[in-house]
Amino acid sequence: MSRTVLTLVLNDPPYESARSTTALRIVDAAIRRGVDVNVFAYEGAVSLSFARQAPHANAVHGRDVQAEDHPTTKTWIAALLALARERAVKLDWVNCGPCIDERGVDDSVLGVRRGSPSDLWSFANGSTNTLVIPTR
Amino acid sequence: MAGYVLIAARDPWEGGDSQQVFELAGSLAAARDEVTIYLTENGVLAARADGGERFLTPLLAAGVSVFADPFALEERGISRERMVTGVVPAAIERLVDLLAQGRPALWY
């Protein structure tokens, strides 16, 4: 019996829209359902997995880095990749190569790979469903 | 009967284009297609009683299923007692299940 596979296409950069958080919640729920997931990160979404993201302190509220405990999307993506491994579910996260080069974000968390729009074509052809989450 | 899934993520009071998802749902239902709307993010504002009925009640009457993301409802302080009658809170796993059935899905 063939496995169920979902492909998500993300476009938004991190820390700007609820869409990024919702997308990661969908990925998390799919993995926990035993559904294989492909993610094609396009345009600003290639920064979601940028490895040099850093949490910061909050001077206004007098909290240091540790107390602020600021979440980063790269940490969430690394956690999703770990969850997929733990559950023997496939999570294939591909960042659009030209979009990476444009933005200089060529250092992603382990498990995220560089690709091209042809990967999206392959993803869509091999998936049960494809959901495009557009910018606005 | 394609079984469309329309994901409404925008505040319907933002303007006309954010209401198009409801117009599309109504058109599909009129064409006897099975339609599910999943409200998330600011889209759950349409689920508020004493306001959201204008968008959702005609669709519910036409047989459209309307689910609302409890995470988004809670973020916006919308209690289940203050929701449009007929809207069903459903965790995001419900959306995943609909997508996993291969239903055509559109994000608004």
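The values are calculated or read from the model by the stated rules, or taken from the named source; none is laboratory data. Note that this is a predicted model, so its numbers are computed, not measured. All Cβ positions, even for glycine, are placed from backbone atoms using ideal geometry, and neighbour counts span all protein chains on display. These area figures cover heavy atoms from the full protein model, side chains too; ligands, DNA and RNA do not enter into them. Shrake-Rupley method; radii C 1.70, N 1.55, O 1.52, S 1.80 Å.
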Looking at the range A:111-120, which of the residues that are open to solvent by 40 Å² or more (accessible area, probe 1.4 Å) and within 12 Å of the chain's Cα centre (by Cα) is farthest from A:Leu83 (Cα to Cα)? A:Arg113
Would you pick out the residues in the range B:54-74 that are more than 26 Å from B:Gly102 (Cα to Cα) and buried (at least 17 other Cβ atoms within 10 Å of the Cβ)? B:Phe55, B:Leu73
Listed residues A:Ala51, A:Ala18, A:Ala23; which is among the small types (Gly, Ala, Ser), more than 14 Å from chain B (Cβ to nearest Cβ) and either surrounded by fewer than 20 Cβ atoms within 10 Å (Cβ to Cβ) or in contact (Cβ under 8 Å) with a residue 24 or more places away in the chain (or both)? A:Ala51
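Out of B:Val87, B:Val35, report the one residue that is under 20 Å from B:Asp11 (Cβ atoms) and touching a strand residue (DSSP E or B) at 6+ places or on another chain (Cβ under 7 Å).
On the way: B:Val35 fails: under 20 Å from B:Asp11 (Cβ atoms).
Checking each option against the conditions leaves just B:Val87.
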Only unsatisfied item for A:Val9, checking (1) β-branched (Val, Ile, Thr); (2) farther than 18 Å from A:Thr75 by Cβ; (3) surrounded by 24 or more Cβ atoms within 10 Å (Cβ to Cβ), is (3)
Residue set B:Ala30, B:Ala49, B:Ala25; condition more than 17 Å from B:Val88 (Cβ to Cβ) and hydrophobic (A, V, I, L, M, F, W, C); output residue B:Ala30
Restricting the range A:26-48 to residues that are facing another protein chain (nearest Cβ under 10 Å) and open to solvent by 30 Å² or more (accessible area, probe 1.4 Å), the one nearest to the chain's Cα centre (by Cα) turns out to be A:Asp28
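Condition check ((1) of a type in the set (Asp, Glu); (2) outside any strand (DSSP E or B)) across all residues:
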residue: B:Val44; (1), (2): no, yes
residue: B:Leu56; (1), (2): no, yes
residue: B:Gly63; (1), (2): no, yes
residue: B:Glu93; (1), (2): yes, yes
residue: B:Leu99; (1), (2): no, yes
residue: B:Gly102; (1), (2): no, yes
residue: B:Leu106; (1), (2): no, no
What residue, among those in the range B:15-41 that are more than 11 Å from B:Tyr108 (Cβ to Cβ) and of a type outside the set (A, V, I, L, M), is most open to solvent (accessible area, probe 1.4 Å)? B:Arg32
Would you check if there is a residue in the range B:76-90 being in a helix (DSSP H, G or I), among the small types (Gly, Ala, Ser), more than 13 Å from every other protein chain (Cβ to nearest Cβ) and under 14 Å from the mean Cα position of the chain (by Cα)? no
Taking the residues in the range A:91-136 that are more than 14 Å from chain B (Cβ to nearest Cβ) and of a type in the set (Lys, Arg) as candidates, determine which candidate is farthest from A:Ala23 (Cα to Cα). A:Arg103
Among the residues listed as A:Glu16, A:Glu43, A:Glu68, A:Glu102, the single one being in contact with a Cys (Cβ under 8 Å, 6 or more places away or on another chain) and of a type in the set (Asp, Glu): A:Glu43
